[in-house]
1. Quick one: how many residues across the range 147-186 are surrounded by fewer than 20 Cβ atoms within 10 Å (Cβ to Cβ) and polar (S, T, N, Q)?
2. Identify the single condition in (1) in contact (Cβ under 8 Å) with a residue 24 or more places away in the chain; (2) closer than 26 Å to E80 by Cβ that F153 does not satisfy, given that it satisfies every other one.
3. Out of the residues in the range 131-150 meeting the condition of being assigned to a helix (DSSP H, G or I) and in contact (Cβ under 8 Å) with a residue 40 or more places away in the chain, tell me which one is farthest from the chain's Cα centre (by Cα).
4. Please determine whether any residue of the range 81-97 is in a helix (DSSP H, G or I), within 30 Å of the chain's Cα centre (by Cα) and at pLDDT 95 or above.
5. Within the range 142-177, track down each residue that is farther than 28 Å from A211 by Cβ and in contact with a Pro (Cβ under 8 Å, 6 or more places away or on another chain).
6. Do we have any residue at all in the range 209-217 that's surrounded by 20 or more Cβ atoms within 10 Å (Cβ to Cβ), of a type outside the set (A, V, I, L, M, F, W, C) and closer than 21 Å to F153 by Cβ?
7. What tally of residues in the range 111-126 results from selecting those that are under 18 Å from K190 (Cβ atoms) and touching a residue at least 24 places away in the same chain (Cβ under 8 Å)?
Amino acid sequence: MRFELTTPTLARLCSTPELRPLNFWRLLNFIIQRLDRAMLLRNMLVNAIETIKQNALKVQNTSFGTNDTMALTPQQLFEELDRLDISYDLHCHPPLGTVEESQQLRGEISGGHCKNLFLKDKKGKLWLVVCLEGARIDMKTLNRKIGSARLSFGRPELLYEVLGVTPGSVTPFALINDGDACVNVILDEKMMAHEKLNFHPLTNEQTITTASTDLLVFIKACGHEPCIVDIE
């Protein structure tokens with residue numbers, strides 16, 4: 001049996017709104033409205049994410065105790081060493097930016113010659129690792145030896161913000177600028193076995209020789225508690 005639409009049936013279909021075929025332009029307008037809302041929601045999410053990132057950077061920068069005051073000069077460091085009754089010998093020389101340059105130009109200076117690594121771990125903690133210049137340090141395993149998260153070198157900007165020195169002048173004496181004690185200090189066990197040690201006094205145009213025991217006195221006077229570790 002065949003079903004055929006009669007004229008009255010067709011009339012009812014065309015006159016009933018919910019049964020009437022959807023107008024193309026109304027459908028297009030509906031889609032555009034939905035797309036506009038989706039785009040608005042997307043822009044709101046992007047702006048929210050950017051705000052979260054900026055706030056996170058602000059927290060990270062302030063958490064390191066950025067130097068609001070000017071970094072101390074070498075002369076001010078010498079005055080502090082005198083106040084602590086720490087004796088030292090001062091040597092002047094051309095700027096030394098690397099260990100290799102130091103070995104070539106420093107001349108005959110007794111005592112252990114050292115290098116200093118300014119590091120930041122994956123959790124955001126800062127570290128200053130001080131060791132003999134010839135120490136072989138494996139960055140892949142160093143974190144396990146000093147008890148940190150995975151390590152990488154700190155940015156020069158962060159170095160200056162926290163310790164008030166530039167690359168080539170990194171030294172444990174720069175801890176005098178870390179008033180908030182943000183930096184964890186690691187001293188190599190083999191280095192500390194030397195009676196005398198050599199470091200830059202906040203500038204790579206000078207070197208001072210002092211006793212390893214006095215180095216500990218100075219670091220503790222700056223509010224830090226150094227850890228002595230065999231880093232090799």
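The values are calculated or read from the model by the stated rules, or taken from the named source; none is laboratory data. Just so it is clear, the model here is predicted, and its values are computed rather than measured. Please note: Cβ atoms are built from the backbone with ideal geometry, for glycine as well, and neighbour counts cover all protein chains shown.
1. 3
2. (2)
3. K145
4. Yes, there is a match, as at least one residue in the range 81-97 is in a helix (DSSP H, G or I), within 30 Å of the chain's Cα centre (by Cα) and at pLDDT 95 or above.
5. P156
6. Scanning the range 209-217 turns up no residue that is surrounded by 20 or more Cβ atoms within 10 Å (Cβ to Cβ), of a type outside the set (A, V, I, L, M, F, W, C) and closer than 21 Å to F153 by Cβ.
7. Total satisfying the criteria: 6.
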